[in-house]
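As structure tokens, the structure follows; a few thoughts come after it.
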């Protein structure tokens, strides 16, 4: 079976794991906690009150991957370990959050380390659920949230500038770095996010990465809609266009919550009845994965079938390092078979080899999504 197998193991190496973290932000009462509950099947406090979510709620959810149960059946194992996505749900942002309104800055600090921001926007009408601004207006809500994130980033830059100016005088940093920071400040002061400016080619995010600016992260917009709006293509196009080129996902958070209570067959039937091909939450995990340029490779053996998360464009040794640091250090080669070829051969390694489908790849090989891989490595005991 294709799994990671050492030729010689050493004692004190570290396991290496990657995990995609998405920070969930939004105004109060937009359905954030309902969506988070559905994602993680947790019952965090989903109250109709602006600061019901005080502490950050973190949930680790599996990335949907239909290939894993197929592989598990072929290699006769019941243990499946999918790639994971970590969601951090923070309390609703209100106007003035960047100045501490509603303890705003503490909440913003909790998502500073996230890889992407999921902005939940209310697009449904419900007189029983109060809107913090008194009316439902998705564009206005987006502007409120983005303004607070921009103001928080400006505060980060203003706090950093005195030390940066001192370091510049002491020649501890390059003038080009200071120029990039000033450019970022100008962009934010114009009311735009760093992500928007980067997509327009005005700034390179890598130049200011160590500032961990919130608006430099990729944005995903989730519009929480009602059942009628979910199938209204014209309505959805208008909202999607308003946030483009950032991706937009449309879901009914209450519907998603009900979906998670069902078994797989009933959930599929409920989706089909609603005219949907996949749940909004599965879309969110998939889009989050894609926006960050991630993919998975697979290992399959009698002990387990597992999906490993890597960045697109990574080489075989880099991928090996995600499993274990020793695997990258002492990488020799990778035995690779595509998922389709593995399934076509019914998981028979003899058949795969006979048909010439098993490839030996070296250190320059660029991993492909769905590669089923066994790494060979050699690390001397030191």
Among (1) touching a residue at least 24 places away in the same chain (Cβ under 8 Å); (2) farther than 28 Å from residue 32 by Cα; (3) touching a helix residue (DSSP H, G or I) at 6+ places or on another chain (Cβ under 8 Å), where does residue 325 come up short? (3)
Name the strands (runs of 3 or more DSSP E) wholly within the range 1-118 that hold at least 2 residues that are surrounded by 14 or more Cβ atoms within 10 Å (Cβ to Cβ) and modelled with pLDDT under 75? 5-8
Has the range 158-172 got at least one residue that is in contact with a helix residue (DSSP H, G or I) (Cβ under 7 Å, 6 or more places away or on another chain), modelled with pLDDT of 90 or more and either under 30 Å from residue 290 (Cα atoms) or in a loop (DSSP other than H, G, I, E, B) (or both)? no
Filter result for residue 141 (farther than 15 Å from residue 213 by Cα, in contact with a strand residue (DSSP E or B) (Cβ under 9 Å, 6 or more places away or on another chain) and either surrounded by 16 or more Cβ atoms within 10 Å (Cβ to Cβ) or at pLDDT 90 or above (or both)): yes
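With the requirement that a residue be under 28 Å from the mean Cα position of the chain (by Cα) and in a strand (DSSP E or B), what does the range 362-382 give you?
Passing the criteria: 366, 372, 373, 374, 375.
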So in the range 182-197, with the set limited to residues that are surrounded by fewer than 20 Cβ atoms within 10 Å (Cβ to Cβ) and in a helix (DSSP H, G or I), which one is modelled with the lowest pLDDT? 196
Say whether the condition of being under 25 Å from residue 72 (Cβ atoms), in contact (Cβ under 8 Å) with a residue 40 or more places away in the chain, surrounded by fewer than 21 Cβ atoms within 10 Å (Cβ to Cβ) and touching a helix residue (DSSP H, G or I) at 6+ places or on another chain (Cβ under 7 Å) is met by at least one residue in the range 262-270. no
From the list 361, 374, which one is surrounded by fewer than 21 Cβ atoms within 10 Å (Cβ to Cβ), within 21 Å of residue 70 (Cβ to Cβ) and touching a strand residue (DSSP E or B) at 6+ places or on another chain (Cβ under 9 Å)? 374
I'm checking my understanding of the structure. Among residues of the range 337-361 that are in contact (Cβ under 8 Å) with a residue 40 or more places away in the chain and not in a helix (DSSP H, G or I), which one is nearest to the chain's Cα centre (by Cα)? 337
Does residue 288 meet the test of being loosely packed, with under 13 Cβ neighbours inside 10 Å, touching a strand residue (DSSP E or B) at 6+ places or on another chain (Cβ under 7 Å) and either modelled with pLDDT of 90 or more or within 30 Å of residue 321 (Cα to Cα) (or both)? no
Limited to the range 238-254, what total is found for residues that are at pLDDT 90 or above and in a helix (DSSP H, G or I)? 6
Identify, from the list 338, 277, the residue that is under 24 Å from residue 355 (Cα atoms) and surrounded by fewer than 22 Cβ atoms within 10 Å (Cβ to Cβ). 338
Any chance residue 240 is without any contact (Cβ under 8 Å) to a residue 24 or more places away in the chain and within 20 Å of residue 25 (Cα to Cα): yes
Counting only residues that are surrounded by fewer than 21 Cβ atoms within 10 Å (Cβ to Cβ) and in contact with a helix residue (DSSP H, G or I) (Cβ under 8 Å, 6 or more places away or on another chain), the range 220-229 contains a total of 2
Could you check, for the range 279-286, whether at least one of its residues is without any contact (Cβ under 8 Å) to a residue 24 or more places away in the chain, under 30 Å from residue 200 (Cα atoms) and assigned to a helix (DSSP H, G or I)? no
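The values are calculated or read from the model by the stated rules, or taken from the named source; none is laboratory data. Quick caveat: nothing in here was measured; it's all calculated off a predicted structure. Virtual Cβ from ideal backbone geometry, glycine too; neighbours counted across all protein chains shown.
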